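Enquirer: One structure is given below, represented as structure tokens, and several questions about it will come after.
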Amino acid sequence: MSRMIFVNLPVSDIPRARRFYESLGFAINEQFSGPDTACVVVSETIYLMVLARDRFAGFCALPVGDPARETAVLLALSCEGRPAVDVMAAAALAHGGREVRPAEDHGFMYQRCFADPDGNVFEPFWMDPAAVAG
């Protein structure tokens with residue numbers, strides 16, 4: 001069985017979130033999107049469900065946190081190479097995201113860290129396949 005992941009993210013402005021994630025090169029699955037939701041297709045197995053805060057709250061037993069003030073999740077997303085990491089980070093910064101930390105180059109791994117316009121944190125990274133193999 002191939003597993004899929006749907007990461008639900010609270011956002012304050014669905015049209016802005018759609019534009020932001022589309023600027024990163026991701027598609028929107030309109031079948032699972034509406035006025036208070038957008039299904040962002042990251043890959044065949046990874047989806048971001050961006051939900052208006054009120055809609056997001058309907059799925060939660062606890063209060064909805066504010067990702068602009070507290071970090072609850074860091075979403076590390078693999079990229080094909082160092083240039084792809086930089087391209088994604090540059091697109092994020094050009095379309096309303098903000099850099100959370102400077103780039104980190106560990107030789108075998110390179111990563112950037114940015115927040116979307118609502119403060120949800122992403123860490124695009126590249127890791128040398130030889131390092132992953134052990």
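The numbers here are math on the coordinates, done by the rules we state, and not lab data. Bear in mind the structure is a predicted one, so any value in this text is a computation, not a measurement. Note that each Cβ is placed from the backbone with ideal geometry, even for glycine, and that neighbours are counted across all protein chains shown.
Enquirer: Note down the nm distance, to one decimal, between modelled labels 7 Å out along Cα→Cβ at Ser2 and at Val73.
Expert: 2.2
Enquirer: Still on this structure, I have one more. In angstroms, what radius of gyration and Dmax does the range 68-134 have, counting Cα atoms only?
Expert: Over the range 68-134's Cα set, Rg and Dmax evaluate to 12.2, 38 Å.
Enquirer: Ok, one more. Would you calculate a helix-derived [θ] at 222 nm for the chain, using -39,500 (n - 2.57) for each DSSP H run of n ≥ 4 and dividing by the full residue count, to the nearest 500?
Expert: On the way: 4 runs with 33 residues, N = 134.
That calculation yields -6500 deg cm²/dmol at 222 nm.
Enquirer: Right, next: Bins of 5 Å, beginning at zero and ending with the bin holding the largest distance: percent of Cα pairs per bin for the chain, please.
Expert: Distribution as computed: 2, 10, 19, 23, 20, 14, 8, 4, 1, 0 percent.
Enquirer: By count of other Cβ within 10 Å, fewest leading, how are Phe108, Phe125 ordered? Let's see the in-between values first.
Expert: Numbers: Phe108 12, Phe125 20.
Starting with the residue having the fewest Cβ neighbours, the order is Phe108, Phe125.
Enquirer: Moving to a separate point now. How do Tyr47, Tyr110 rank when sorted from fewest to most other Cβ atoms within 10 Å of their own Cβ? All intermediate terms of the calculation are to be shown ahead of the outcome.
Expert: Working: Tyr47 18, Tyr110 21.
So the ranking, lowest neighbour count to highest, is Tyr47, Tyr110.
Enquirer: In addition: Using unit Cβ charges (K, R positive; D, E negative) and no other charged atoms, how large, in debye to the nearest 20, is the dipole of the chain about its Cα centre?
Expert: 160
Enquirer: Could you give the distance between the Cα centres of the range 1-22 and the range 115-132, to the whole Å?
Expert: 16
Enquirer: What is the chain's relative contact order, in percent, from Cα pairs under 8 angstrom and six or more apart in sequence?
Expert: Numbers: 235 pairs, mean separation 30.4, N = 134.
Relative contact order, the chain: 23 percent.
Enquirer: Let me ask another. Please compute the length gained on full extension between Leu93 and Ile46, using 0.36 nm multiplied by the number of residues separating them and subtracting their Cα-Cα distance. Don't jump to the answer; show the numbers that get you there.
Expert: Values: separation 47, 0.36 × 47 = 16.92 nm, distance 2.21 nm.
Separation in residues times 0.36 nm, less the Cα-Cα distance, equals 14.7 nm.
Enquirer: Cα centroid distance between the range 23-39 and the range 61-92, in Å?
Expert: 17
Enquirer: A further question on this structure: Considering only the chain, what is the antiparallel percent among its DSSP beta bridges, to the nearest 5?
Expert: Details: 19 of 31 bridges.
Given both bridge residues lie in the chain, the antiparallel proportion sits at roughly 60 percent.
Enquirer: May I ask for the Rg/Rh ratio of the range 1-59, computed from Cα atoms with Rh as the Kirkwood radius, given to two decimals? Write down the numbers at each step before the final one.
Expert: Numbers: Rg = 11.1 Å, Rh = 11.5 Å.
Reported Rg/Rh (Cα atoms, Kirkwood Rh): 0.96.
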